[in-house]
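Taking it in order: structure first as C-alpha cells, then the write-up.
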Amino acid sequence: MIRINQDRKKKNVKRESWGSQAGFLLATVGSAVGLGNVWRFPTVTALNGGGAFVLVYLVIILLLGLPVMIAELTLGRAGKSNVIGVFTRLAPRSKWWLAGVLPLAASFIILSFYAVIAGWTLLYIFSSLAGFTAGLDTAGLASLFAVLTETPVYPVAAQAVFLILTVAIVVVGVKKGIERWGLVLMPGIFLFLIILFIRTMFFKGVWSGIAWFLRPNLAALSFSTVLDAVGQVFFSFSLGMGAILTYGSYLPRDSDIPRNSFYISVVDLGVAILAGLIVIPSLFVFGLDPETGPGLIFITLPAVFNTIPLSMLWATLFFLLLAFAALTSAISMLEVIVAYLIEELRWTRFTAAAAAGAGVFLLGVPAALSRGVLRGVLIGGLDIFAFLDFIASNLMLPLGGLLLIIFVGWVWGVRKAAREIRTLGVGFRLEGAWSFLVRFVVPLAIGYILISGLRPKG
Ligand code: TRP
C-alpha cells in the first residue's frame, strides 16, 4: 500500500477536484439527503414519540454529527486520498490502513440494499405515471406493493436500472459527473419538497399533526430515544463510511471546513424536518397509522394522495423526490469504492465504476428477491435484507466510525487536524470544543452504541 502511494508521488497522477464551492456543497448535501431523510427520519420520529425525538436529534447533531463531519472532511483533505489511502499517507508503516477496510466493505453492502429500495421508487414513479396507483385504497395499494416487490423480475430490473444510472454518473468523474449532476438533481429535490410541503399545509386539520411532530413531549424520552437518534444522525449525515471523507479529499486547501460542515448539517436537518412535516401530518389528517417500514411511503402515503385531486401528480412528485434523493446518495457510496479502486489498485475510472456497480448489483439480487422467491430464507434469524442491514449499519458503520474518530482524535491528532483546517487563514473558533468532543464524547458514545447494538433485541 505504501509502495503504491510512493509510486503515485513519482508519477504525480493528477487527482480530481471539485470545480466550485457550490458544486462541492450540493454534492455533499446530495450524499447526506437521501432515503434517510425522507423515509427513515419520519418513521423513527413517529416511533419515538414525535417532538421529543426531534429535540434529542438536534442535540446529537451538535455533539456528534457536526464534529464527525468536520473530522471526516479534514481527514480526507489532509490525506488527499481514498478511505484506505488517507491512513497509509497520514500514518505510514502502520496497520491503520486496516481501519479503511470496514468503511469500504460497508459502502458495498449498504449500497447493495439501498439500490433495491431505490429501485422500488423507480417502479412507483412508473406506476403513478401509468395510473396503476390511481384510485386504490390502502388494501389495493398493499397488493400493488406485493406485486411490485415480490415478482422477481420487477425489483431486480429496477435495481439494475438504478445502479446503471448511478454508475453512469460516477463514470464521468468528480467534476463532470458527480458535481454536475448534483447541480441538476439537488434543485429538483428542493423544488419537489417545497411543492409537496405547501400542498400538505392546505390539508384541513394539518395542525394537530404538526403539533404532535414538533411539540417536545419530554415524557416520551428514554435511553433508546438517544440510541435511535445517534444511529439516525450517522446514517443521514453519511458518516462512518468514508463517503464524506472521500468528498473531502477533492476539496481545495482554502475551503472552510467548519463552515461547510455547518451548512451541510443545517440543510440535511432542514430536509428531514420538511419531509417529516409532509409525511406525518398527512397521516394524521387521514387518521392513518404512522405505520413503520416500507409500508409508510409505498402504501400509506399513496393512499393519502389518492384522496385529493390530482393524486397522480402528487404521487409522482413524491417518488421523484425519493428517487433523486436516493441517486445522489448512492453516487457517494459508489465513489468511496471507485476512488479506492482507482488510487490503490490503479484501475481506470471506467473499469472501477462498472465492476463496482456489477458487484453491488450481484450482492443486492438476494436482497431484491427476499420478499419474493427467497422469502423465508433466514440468516441468523434475519431475512437477507435485514441481515445485510444489520451487519453493515449496526456493526460495520459504528466500528468504522469509531476507528476513524480515534485516529483523528488520538493517532493523527486533533492538533494536526486543526492545523489542516486553519490552512490558508481559515478560522476555527470552536477548536477547543471540537477537540474535546472528538477525543472523548464521540468515541465513548459510539463505543456504547456499538455494544448496545450487539445485544439481541427482544
Ligand atoms: N445519507 C444517506 C441518506 O440519508 C445515505 C448514505 C449515503 C449513507 N452515504 C452514506 C449512509 C454513508 C451511511 C453512510 O439516505
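Here are some notes:
- The chain: relative contact order as a whole-number percent, Cα under 8 Å and 6+ apart: 33
- Sorted ascending by nearby beta carbons within 10 Å, beginning with the fewest, SER238, SER452, SER143 become SER143, SER452, SER238.
- Förster radius 25 Å - calculated FRET efficiency between ILE451 and ALA91 (Cβ-Cβ, nearest 0.05): 0.45
- Segment LYS176-ALA386, length gained on full extension (0.36 nm per residue, minus Cα span): 72.1 nm
- Across the stretch 26-49, the residues whose backbone nitrogen lies under 20 Å from the label position 7 Å along the beta-carbon direction of ALA211 are 46-49.
- The chain: DSSP helices with Cα axial extent of at least 15 Å and average Kyte-Doolittle hydropathy no lower than 0.5: 21-32, 66-79, 101-130, 138-150, 153-172, 180-201, 223-236, 257-285, 311-343, 349-368, 442-454
- If you plug the beta carbon distance of LYS204 and ARG253 into 1/(1 + (r/R0)^6) with R0 = 45 Å, you get a FRET efficiency near 0.25.
- Listing ASP383, ASP137 from fewest to most neighbouring C-beta atoms within 10 Å gives ASP137, ASP383.
- Convex hull volume per residue for the stretch 84-162, taking Cα atoms only, in Å³: 117
- Flagged links, alpha-carbon separation over 20 Å, of LYS14/LYS175; LYS14/LYS95; LYS80/LYS416: LYS14/LYS95
- Under the shape rule built on the C-alpha gyration tensor, where the axes satisfy a ≥ b ≥ c, the stretch 197-257 is oblate, since a/c reaches at least 1.5 while a/b does not exceed b/c.
- Percent breakdown of C-alpha pair distances by 5 Å bin, ordered from the shortest bin, for the stretch 342-386: 5, 22, 18, 15, 11, 9, 11, 9, 0
Each value in this text was obtained by applying a stated rule to the coordinates, not by laboratory testing. Just so it is clear, the structure is predicted and the values come from calculations on it, not from any experiment. Positions of Cβ are generated from backbone atoms using ideal geometry, with glycine treated the same way; all protein chains shown enter the neighbour counts.
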